[in-house]
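Visitor: One structure, as structure tokens, below. Some questions next.
The values are calculated or read from the model by the stated rules, or taken from the named source; none is laboratory data. From a predicted model like this one, the values you see are computed outputs, not experimental measurements. Heads up, the Cβs are rebuilt from the backbone with ideal geometry, glycines too, and the neighbour counts pull from every protein chain shown. Please note that ligands, DNA and RNA were not included when accessible areas were found on the heavy atoms of the full protein model with its side chains. Shrake-Rupley method; radii C 1.70, N 1.55, O 1.52, S 1.80 Å.
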Amino acid sequence: MKRIGLLSDTHAYWDDKYFKYFEECDEIWHAGDIGSVELYEKLQSFRTFRGVYGNIDGQPLRKILPETNIFEIECAKVFIKHIGGYPGKYAPMVKRMLMDEKPKLFVSGHSHILKVKFDKELDILHINPGAAGKYGFHKVRTLVRFSVDNGAFSDLEVIELGD
């Protein structure tokens, strides 16, 4: 079993609460718009890190991170892409990739809207952790923690960081 800490849309904003809430996690995943190489390096130095670049991330981060990240963990295939939509409203290219890759979990960011939804049509859990940074229209900054074990996801927690 692995415990995952998930965040997105930090927009170069650092909060010590990230480490506080991810202390128990085995890995940290970031769904894009990290915002700075310095923030990436801080997160990457703390735990095993997986992520993607987002639309605000410049060339230095685009040289380090992929646009899409597809991997297996604990018998579950995971697909992470910053801009991808959500069940019923996927970007067309993303929907094709989801149909081809058949992940168990699709993680996206970009909207700054926390959303956890199961897609019955594609048999995929979708998680958008909302925004952990201070820049954007969101009112509450959020993180997500969950467990993955033998292809199943459990113990999902939404953590509110405040405004």
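Visitor: Conditions: (1) touching a helix residue (DSSP H, G or I) at 6+ places or on another chain (Cβ under 6 Å); (2) surrounded by 19 or more Cβ atoms within 10 Å (Cβ to Cβ); (3) in a helix (DSSP H, G or I). Residue 98 meets all but one. Number of the miss?
Guide: It fails just one condition, (1).
Visitor: Which residue is farthest from residue 130 (Cα to Cα), if the candidates are limited to the stretch 74-86 and must be open to solvent by 10 Å² or more (accessible area, probe 1.4 Å) and assigned to a strand (DSSP E or B)?
Guide: Let us first name the residues in the stretch 74-86 that are open to solvent by 10 Å² or more (accessible area, probe 1.4 Å), namely 74-75, 77, 81, 83, 85-86.
Adding the requirement that they be assigned to a strand (DSSP E or B) leaves 77, 81.
Numbers: 77: 22, 81: 14 Å.
Taking the candidates together, the pick is 77.
Visitor: Here is a further query. Say we look at the stretch 32-64 and pick out the residues that are part of a loop (DSSP other than H, G, I, E, B) and touching a helix residue (DSSP H, G or I) at 6+ places or on another chain (Cβ under 6 Å); which of these is most open to solvent (accessible area, probe 1.4 Å)? Quick ask: steps written out before the conclusion?
Guide: Initially, the stretch 32-64 is screened for residues part of a loop (DSSP other than H, G, I, E, B), giving 32-36, 47, 52-58.
Checking which are touching a helix residue (DSSP H, G or I) at 6+ places or on another chain (Cβ under 6 Å) leaves us with 34, 53.
Details: 34: 0, 53: 43 Å².
That would be 53.
Visitor: With respect to residue 71, is the statement that it is in a strand (DSSP E or B), on the phi < 0 side of the Ramachandran plot and of a type outside the set (Ser, Thr, Tyr) true? Even if it seems obvious, please write down each step before you answer.
Guide: Values: in a strand (DSSP E or B): yes; on the phi < 0 side of the Ramachandran plot: yes; of a type outside the set (Ser, Thr, Tyr): yes.
So residue 71 passes the test.
Visitor: Among the residues of the stretch 126-163, which ones are more than 18 Å from residue 28 (Cα to Cα) and either basic (Lys, Arg) or under 13 Å from the mean Cα position of the chain (by Cα) (or both)?
Guide: 134, 139, listed by residue number.
Visitor: Which one of 62, 47 is in contact with a Cys (Cβ under 7 Å, 6 or more places away or on another chain) and not aliphatic (A, V, I, L, M)? Step through it out loud before you land on a result.
Guide: Details: 62 fails: in contact with a Cys (Cβ under 7 Å, 6 or more places away or on another chain).
None of the others qualify; the one that does is 47.
Visitor: Go through the stretch 74-115 and count every residue that is farther than 13 Å from residue 8 by Cβ and of a type outside the set (Phe, Trp, Tyr).
Guide: Number satisfying all stated conditions: 24.
Visitor: So residue 44 clears everything in (1) touching a strand residue (DSSP E or B) at 6+ places or on another chain (Cβ under 9 Å); (2) touching a residue at least 24 places away in the same chain (Cβ under 8 Å) except one condition, right? Which one?
Guide: Here residue 44 meets the rest and fails (2).
Visitor: Of all residues being in contact (Cβ under 8 Å) with a residue 60 or more places away in the chain and of a type in the set (A, V, I, L, M) in the stretch 110-156, which is surrounded by the fewest Cβ atoms within 10 Å (Cβ to Cβ)? Just the residue, please.
Guide: 152
Visitor: Considering only residues that are of a type outside the set (Asp, Glu) and in contact (Cβ under 8 Å) with a residue 40 or more places away in the chain, look in the stretch 12-29 and name the one that is surrounded by the fewest Cβ atoms within 10 Å (Cβ to Cβ).
Guide: Let us first name the residues in the stretch 12-29 that are of a type outside the set (Asp, Glu), namely 12-14, 17-22, 25, 28-29.
Next, from what is left, pick out any that are in contact (Cβ under 8 Å) with a residue 40 or more places away in the chain: 12-13, 17-18, 21-22, 25, 29.
Values: 12: 17, 13: 16, 17: 14, 18: 22, 21: 19, 22: 22, 25: 20, 29: 27.
For the stretch 12-29, the residue satisfying everything is 17.
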